[in-house]
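S.K.: Here it is, the structure in full.
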Amino acid sequence: MNPEYYDDIIIGGGKAGKTLAPALVADGRKTALVERSLTMIGGGCINVACIPTKTMVASANVANTVRNSTLYGVKVNVPTVDLVEVIRRKRSVVQSARAMNLHNLETALGNKLIIGTGQFVASKTIEVITAEGKTRLLTAERLFINTGTRPLIPPVPGLTESGFLTSESIMELENLPEHLIVLGSGYIGLEFAQMFRRFGARVTVIGQSEQILSQQDPDIAIAVQTLLERDGIEFLLKAKVLRVERSGNQTILHIQVADREINLQGSHLLVAVGRAPTTDSLNLAATGVATDERGFIQVNDRLETNIPGIWALGDINGGPQYTHVALDDYRIVKANLIDGGNRSTRDRLVPSCLYIDPELAHVGLTETEAQRQGYAIRVAKLDASAVPRAKTLGQTDGLLKAIVDTETGRIIGCSLLCHTAGEVISTVQMVMQSQMPYTVLRDAILTHPTMTEGLNILFAKV
């Protein structure tokens with residue numbers, strides 16, 4: 001078979017790949033983008049991750065607001081959650097975003113947007129089985145791997161045979177679980193736990209560590225757990241699932257807790273213990289591209305693999321698994337290959353947000369990390385109830401925490417558990433990126449009453 005020659009080939013159309021493709025075309029490069037399915041155009045974020053989950057979180061929060069409306073002096077009927085309509089709304093939002101992405105890619109690439117599954121057959125050559133069943137051989141001077149991740153399924157005896165939900169399949173569930181068991185106490189598990197609790201299900205979260213959100217400071221993790229327990233979510237921590245079985249309409253988990261074994265029964269089981277790289281189907285052995293022990297592609301700080309002319313972008317390269325990081329991966333590659341710049345991943349400041357209610361946003365180091373790295377620090381804490389805007393909204397739950405370098409006066413970390421924390425953290429991030437002292441936020445004239453105004457109060461406590 002004669003290969004088709006391109007200047008650049010992008011495998012996978014997630015945030016980094018779909019943004020890079022038009023830039024390469026505009027630079028005069030003959031570029032092809034291979035995406036495995038029309039239903040994944042735009043990548044995991046808009047199809048099975050960020051956008052659909054946050055759409056459903058919004059529905060859950062509306063239900064919770066209605067349920068608690070009497071606290072605001074408004075009397076309404078107890079809400080009835082129509083999960084079919086929740087799913088319909090989610091699908092509508094996803095389909096709209098997907099259609100926009102498809103339009104953009106078809107405009108930029110035309111017939112060089114190839115729907116099919118690709119794998120390497122040589123260092124710079126891939127074989128693609130198209131959606132129509134045809135085989136095409138593509139080769140290029142440069143290749144960019146952007147195939148993302150999928151739900152990680154742990155090797156628990158009986159798990160596969162018993163049946164389970166993932167972060168993807170649970171968003172197609174049109175009947176409310178009677179009792180949802182969530183295996184995993186990280187970001188994914190906690191978002192779905194609160195969502196389905198607010199939809200009306202009983203929810204139990206199982207975590208293997210001593211605390212939920214094992215990367216956070218204990219005080220923040222405890223504050224989050226307390227809020228979720230107030231919602232009625234049950235937790236079982238320091239627990240190891242030994243085996244799973246299905247009996248009738250119940251899933252039974254046999255769990256080791258300390259020196260005893262207990263059984264937990266639920267109608268549905270969600271496995272949310274992390275993400276696995278989508279590299280096993282790429283036949284990377286044909287290229288010599290190196291991966292780590294988990295299968296993530298190893299890259300340097302310019303996102304280059306060990307094979308010249310091959311880059312790995314987004315979740316697949318083992319960096320922080322956020323869409324905004326994938327976008328920055330695109331910026332790095334574009335700067336270095338198109339704009340004549342010299343950008344890298346070194347010292348980039350990556351914010352995160354857990355979309356529970358209230359949100360937990362974080363940027364920089366935790367207190368634990370700062371101490372481990374030898375910083376002399378000052379720590380400021382503030383109950384969210386001290387923020388005037390929080391009182392007006394009836395959103396007084398939460399904790400704001402800042403870590404300041406004693407020597408320089410610069411903020412080196414911040415965690416915000418409060419209403420709209422994902423928005424407020426950006427203000428802190430801008431001050432950190434500008435290397436300004438914490439006093440900028442302490443003394444700034446910030447609009448009253450806003451949640452951002454809470455930064456005045458927080459940093460006055462340093």
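S.K.: Of the conditions (1) surrounded by fewer than 19 Cβ atoms within 10 Å (Cβ to Cβ); (2) closer than 15 Å to Asp217 by Cα, Ser434 fails just one. Which one is it?
M.R.: Just one mismatch for Ser434, condition (2).
S.K.: Please determine whether any residue of segment 365-377 is at positive phi and not aliphatic (A, V, I, L, M).
M.R.: Yes, segment 365-377 contains a residue that is at positive phi and not aliphatic (A, V, I, L, M).
S.K.: Restricting the search to segment 256-293, which residues are more than 22 Å from Val128 (Cα to Cα) and part of a loop (DSSP other than H, G, I, E, B)?
M.R.: Within segment 256-293, Ala258, Asp259, Ser267, Ala272, Val273, Gly274, Asp292, Glu293 qualify.
S.K.: Residues that are among the acidic types (Asp, Glu): find the helices (runs of 4 or more DSSP H) completely inside segment 368-446 holding 1 or more of those.
M.R.: Helices (runs of 4 or more DSSP H) meeting the threshold: 421-433, 439-443.
S.K.: Condition first: among the β-branched types (Val, Ile, Thr), farther than 11 Å from Gly454 by Cβ and modelled with pLDDT of 95 or more. Can you find one or more residues in segment 387-395 that meet it?
M.R.: The answer is yes; a qualifying residue exists.
S.K.: Collect the residues in segment 107-145 that are assigned to a loop (DSSP other than H, G, I, E, B) and in contact with a Gly (Cβ under 7 Å, 6 or more places away or on another chain), keeping them in residue-number order.
M.R.: Matches in segment 107-145: Ser123, Lys124, Ala131.
S.K.: Could you tell me whether Glu106 is without any contact (Cβ under 8 Å) to a residue 12 or more places away in the chain, over 26 Å from Ile233 (Cα atoms) and surrounded by 18 or more Cβ atoms within 10 Å (Cβ to Cβ)?
M.R.: So Glu106 fails the test.
S.K.: I would also like to ask the following. Among the residues in segment 127-143, are any surrounded by 14 or more Cβ atoms within 10 Å (Cβ to Cβ), of a type in the set (Val, Ile, Thr) and out of contact with any Lys or Arg (no Cβ under 9 Å at 6 or more places or on another chain)?
M.R.: No, every residue in segment 127-143 fails to be surrounded by 14 or more Cβ atoms within 10 Å (Cβ to Cβ), of a type in the set (Val, Ile, Thr) and out of contact with any Lys or Arg (no Cβ under 9 Å at 6 or more places or on another chain).
S.K.: Go through (1) out of contact with any Lys or Arg (no Cβ under 9 Å at 6 or more places or on another chain); (2) closer than 30 Å to Val428 by Cα; (3) hydroxyl-bearing (Ser, Thr, Tyr); (4) in contact (Cβ under 8 Å) with a residue 40 or more places away in the chain for Thr345 and report which single condition fails.
M.R.: Unmet condition: (1).
The values are calculated or read from the model by the stated rules, or taken from the named source; none is laboratory data. The structure presented is a predicted model; accordingly, all values stated were derived computationally and were not measured. All Cβ positions, even for glycine, are placed from backbone atoms using ideal geometry, and neighbour counts span all protein chains on display.
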